[in-house]
Structures are given as C-alpha cells and as structure tokens.
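*Asks:* Okay, here's the structure, questions in a sec.
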Amino acid sequence: MPAPRPRTLSLNLFLYHLGHHEAAWRHPSTDPSRIYDPTYYVELARKAEAAKLDAVFFADGPVLHSGVDHNPAEGPEPLLTLATIAAHTRRIGLVATASTTFYEPYNLARLFASLDHLSGGRAGWNVVTTQSADAAANFGLDAHPDPLARYARAEEFLEATTRLWDSWEEGAALADRVQGRWADPDRIHPADFTGEHLAVAGALNVRRTPQGRPVIVQAGASNAGRDFAARWAEAIFTAHQRIEDAQAFYSDVKRTALAHGRSADQIKILPGISPFIGSTEAEARELEATFNELTVPEYGLRNLGAQAGVDLTTLDLDAPVPLDLFADAGDVTDNTRSRFQVVAGIVRRDRPTLRELLHRLAGARGHQVVAGTPEQIADRIETWFTQGAADGFNVMPPALPLGLDAFTDHVVPILQRRGLFRTEYEGTTLRDHLGLEVPENRWTRQRAALGARASA
C-alpha cells in the first residue's frame with residue numbers, strides 16, 4: 001500500500017479583471033486596454049503555472065452591475081477564456097464559475113466535460129446559485145428565487161450533472177475499426193433524472209473525462225451553502241478575516257462532510273488572501289495606501305449600502321460606522337448573509353470610520369487583505385495552514401500582473417523552502433494537484449457489484 005501523501009498547500013490564482021483592489025484599473029501598473037486581450041490571461045496563467053500553482057480561477061455573474069460607472073463590471077466569459085488558456089498551458093488547473101440558477105444541467109455538463117477533455121483533465125466548476133436579484137430579469141424571470149429555492153434547485157442540478165458525467169462507463173468508448181464498433185451501448189446510460197425543479201433524460205454526448213468528472217468547487221458560507229458544500233464540494237472558496245473564524249468554519253465543514261459519509265481530506269478549504277507585498281512592512285503599507293487613495297467613495301458607499309440595505313451617502317466618511325447599520329447581520333446560527341456578517345464583524349471589533357471601512361473592503365470585498373514583507377505573508381499562510389484554518393489559499397493579487405509577480409517571485413520560494421509547497425507538479429490533472437481521488441463511476445461500481453454477487 002502506498003505511503004500517504006504529505007499534506008501540502010494548495011494555491012490558486014484568482015483572476016479578476018486587472019486586480020482585486022477596486023482601484024486597480026486606475027493604478028499605473030495595470031493596462032485597462034487588456035481586459036479582452038487573450039494574451040493577457042495566457043501570460044498570467046503561464047506565470048502561475050511556472051510557480052506550480054494549482055489552478056487559475058474566474059468568478060462570474062450573468063449581470064452587469066450598477067457600479068460600472070466607476071469600476072470594471074464587464075469581462076470575457078470564463079469557460080471560453082479558460083479554453084484559450086488551456087491551449088497555451090500544460091499543467092495549471094482551470095476553474096470557472098457557473099450558476100445552477102441560470103444554466104441547465106445538460107449544456108453545462110457538456111461544457112465542463114469538453115474543457116476537461118481539451119485540457120487533459122484540468123477543469124473545475126465553481127458552483128454558485130447567484131445572489132444578484134438583477135440577474136433574474138436577464139432570463140425572463142419575474143423575481144429572483146429565494147436562497148432556499150436556489151439551493152433546492154442546485155441539489156437537483158448537481159445530481160443531474162453528475163449522472164450525466166457518469167453516463168459513459170469506463171470502457172464504453174471502443175473505436176474498434178476491425179469490428180466497426182465505435183462504442184458499447186450497454187455501457188452508456190441515460191441520466192434519467194426527474195426532480196421538482198429539473199428533468200434530464202441523458203445520456204451525455206461526451207464520454208467520461210480524464211478526471212472522471214471536473215472538480216466541484218463551491219463558495220457559499222451560509223448554513224445552506226455549508227451543508228450543500230459538505231455534500232458536493234471538493235474545494236471550498238471562503239472569506240474570513242480572523243483565524244478563529246476560519247478554524248470554526250474549517251472544522252464545521254469537515255465535520256459535516258464526515259456526517260455525510262465523505263472523507264474530510266477530500267474537501268479542500270481555501271480562504272481568499274489579497275497581499276500587498278513590499279521589501280519592508282512600511283513599503284507594503286505605503287503601496288496599499290496608494291491604491292486606497294485611488295478609490296471613489298461613491299462606488300464603495302453604493303456597494304456597502306446595498307449590503308446594509310440603507311442609504312449611506314448622508315454619513316460622514318470620517319466618523320465611526322454606526323453599529324446599528326449591522327444590527328440584523330445575524331450570527332452563526334442564522335448566517336444567510338454570510339459576507340454581510342464578515343463586514344459586520346469588522347465594524348463591531350475595530351470600530352472603523354466609514355472611510356476606513358470602505359478602504360478595508362476595497363482590497364478584496366471582504367476577504368483578508370494583508371500588507372507585509374514576503375516573509376510576513378508566508379508566515380500568515382503557514383500559520384493558517386498548520387493551525388486548522390485552511391488547506392491552502394485563493395490568492396487575490398490587488399493588481400495584475402504586479403501583485404502576481406510579487407507573490408510568485410518572493411512568497412512562493414519561501415513556502416517551497418519551508419517544505420509547504422511543491423517545487424514541481426507531481427501529476428497532470430487538477431485532481432492530482434489538489435490530492436483528490438477520481439470519483440468512481442456509479443455504473444462501473446454497480447456492474448462490479450453485480451459481478452461479485454454472480455461469482456459468489
């Protein structure tokens with residue numbers, strides 16, 4: 001029996017326009033003209049691959065947000081962009097966001113299966129239900145489904161999609177020129193799924209993929225999202241400001257996964273981190289301040305006001321944020337507004353002025369923003385990794401390519417020297433990078449069970 005694989009960090013590059021700081025597009029290190037330039041994304045992915053990162057990840061939403069007057073709210077579609085990246089890379093994983101509320105299982109299963117084949121087994125799907133109420137009108141809906149309805153549909157969506165990915169057993173594809181047989185119909189099965197929200201006949205017109213199926217990623221932190229993730233997700237993208245909150249989330253999800261009969265080490269918890277990196281801590285903080293000075297308060301007030309459900313434009317930017325704005329944020333027993341709770345925690349603990357809070361959120365929308373030397377950033381990552389708060393991180397550079405270069409050139413080598421991160425890829429697929437098993441095909445498993453009973 002092979003020795004267990006040593007636990008090592010997972011590190012993804014979260015690609016977001018020109019960087020995760022809301023003023024990145026105004027900083028002289030970025031080039032706004034490249035948002036639709038395919039070579040821009042290929043260059044970033046190649047840098048991530050050279051540093052041996054696990055994957056590049058794209059967030060997405062099927063709506064043009066109201067903040068487009070002050071911030072990039074547009075961009076190319078993730079799956080097409082990742083297909084372009086796949087053609088110019090060899091190992092880096094490729095994770096795209098797609099909504100179970102506004103896709104249908106058959107076409108989405110086909111898209112991700114195709115990406116997995118065309119990339120040699122590097123595809124991952126970040127499953128979202130879409131929070132934006134504005135998106136509903138883009139798809140002919142009178143109202144946006146509430147969270148419980150969205151997650152009920154998502155449960156059916158995952159069941160239908162995984163059935164489609166399993167519809168071709170191993171060995172179903174023959175390509176037997178002598179006998180003139182392309183495939184074995186007895187090893188191809190319909191999805192045959194009917195639920196309250198969805199119905200899919202199947203089978204998929206794409207054979208089983210190199211990974212068995214693409215890696216399933218999820219980003220919800222609400223109670224419904226956590227339970228959904230514990231049943232389905234193989235990697236979870238999450239946002240935490242404090243290590244104790246991250247540790248509580250980590251243990252809760254792993255414990256819930258065990259209750260669902262899953263192995264806890266087959267779910268990777270990956271918080272977001274947005275590092276400002278300098279040769280000294282003072283230099284890093286000065287870099288962060290430079291970005292914050294480029295923010296437009298109107299944009300931040302609009303976003304925060306939408307979360308709080310109030311008009312903030314009449315408040316003094318340099319006065320403490322009123323605590324009563326977050327009185328209905330809830331707690332761990334009712335965290336249906338999980339990102340809102342992250343913001344509420346900052347206000348309650350740190351009592352920032354409104355301007356200070358806007359600057360805190362400008363960096364990464366509630367994910368932790370850290371300013372420091374490469375050693376300090378590496379220390380933070382190591383502490384969270386070794387103390388039960390994370391299996392790795394979604395790296396969110398404040399500006400691209402500036403922040404990526406600083407991280408891969410200066411932080412990654414420190415993590416490698418400490419034995420926390422790989423120096424070479426050990427496999428070719430995203431599952432290999434994450435240390436995830438290839439899921440067993442349900443029909444192959446059933447065939448084996450029937451064969452065992454017949455021979456008993």
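*Asks:* I'd like the full set of residues that are surrounded by 12 or more Cβ atoms within 10 Å (Cβ to Cβ) and of a type in the set (S, T, N, Q), limited to region 424-456.
*Replies:* Answer for region 424-456, where residues must be surrounded by 12 or more Cβ atoms within 10 Å (Cβ to Cβ) and of a type in the set (S, T, N, Q): 428, 429, 441, 444, 446.
*Asks:* What number of residues within region 1-57 satisfy the criterion of being of a type outside the set (A, V, I, L, M, F, W, C), modelled with pLDDT of 95 or more and either under 19 Å from residue 80 (Cβ atoms) or assigned to a helix (DSSP H, G or I) (or both)?
*Replies:* Residues that pass the stated criteria total 14.
*Asks:* Still on this structure, please answer the following. Can you tell me which residue in region 400-411 is surrounded by the most Cβ atoms within 10 Å (Cβ to Cβ), limited to those that are among the hydrophobic types (A, V, I, L, M, F, W, C) and farther than 17 Å from residue 57 by Cβ?
*Replies:* So the residue we want is 411.
*Asks:* Among the residues of region 200-241, which ones are closer than 22 Å to residue 431 by Cβ and in a helix (DSSP H, G or I)?
*Replies:* Those that are closer than 22 Å to residue 431 by Cβ and in a helix (DSSP H, G or I): 228, 229, 230, 231, 232.
*Asks:* Here's another thing I want to ask about it. Of the residues 94, 111, which single one is in a helix (DSSP H, G or I) and under 18 Å from the mean Cα position of the chain (by Cα)?
*Replies:* When all the criteria are applied, what remains is 111.
*Asks:* Condition first: over 22 Å from residue 95 (Cβ atoms) and either in contact with a Phe, Trp or Tyr (Cβ under 8 Å, 6 or more places away or on another chain) or in contact (Cβ under 8 Å) with a residue 24 or more places away in the chain (or both). Can you find one or more residues in region 209-220 that meet it?
*Replies:* Scanning region 209-220 turns up no residue that is over 22 Å from residue 95 (Cβ atoms) and either in contact with a Phe, Trp or Tyr (Cβ under 8 Å, 6 or more places away or on another chain) or in contact (Cβ under 8 Å) with a residue 24 or more places away in the chain (or both).
*Asks:* Only one of these is more than 23 Å from residue 210 (Cα to Cα), among the hydrophobic types (A, V, I, L, M, F, W, C) and without any contact (Cβ under 8 Å) to a residue 24 or more places away in the chain: 68, 63. Name it.
*Replies:* Answer to the selection: 68.
*Asks:* Considering only region 369-422, give the helices (runs of 4 or more DSSP H) lying wholly within it that have at least 2 residues that are of a type in the set (Ser, Thr, Tyr).
*Replies:* 374-386
*Asks:* Let me ask something else about it. Determine whether residue 378 is of a type in the set (A, V, I, L, M) and modelled with pLDDT of 90 or more.
*Replies:* Yes: the conditions hold for residue 378.
*Asks:* Oh, and also: Residues to consider are 365, 349, 380; find the one that is in contact with a His (Cβ under 8 Å, 6 or more places away or on another chain) and surrounded by fewer than 23 Cβ atoms within 10 Å (Cβ to Cβ).
*Replies:* Matching residue, one of 365, 349, 380: 365.
*Asks:* Which number in (1) in contact with a Lys or Arg (Cβ under 8 Å, 6 or more places away or on another chain); (2) surrounded by 17 or more Cβ atoms within 10 Å (Cβ to Cβ); (3) modelled with pLDDT of 95 or more; (4) closer than 13 Å to residue 162 by Cα marks the one condition that residue 209 misses?
*Replies:* (1)
*Asks:* Within region 114-139, track down each residue that is touching a residue at least 60 places away in the same chain (Cβ under 8 Å) and in a loop (DSSP other than H, G, I, E, B).
*Replies:* 120, 121, 122, 129, 130, 132, 138, 139
*Asks:* Starting from residues that are within 29 Å of the chain's Cα centre (by Cα) and in a loop (DSSP other than H, G, I, E, B), keep the ones in region 171-199 and report whichever is surrounded by the fewest Cβ atoms within 10 Å (Cβ to Cβ).
*Replies:* Within region 171-199, the match that is surrounded by the fewest Cβ atoms within 10 Å (Cβ to Cβ) is 196.
The values are calculated or read from the model by the stated rules, or taken from the named source; none is laboratory data. All values derive from a computational prediction rather than experimental measurement. Positions of Cβ are generated from backbone atoms using ideal geometry, with glycine treated the same way; all protein chains shown enter the neighbour counts.
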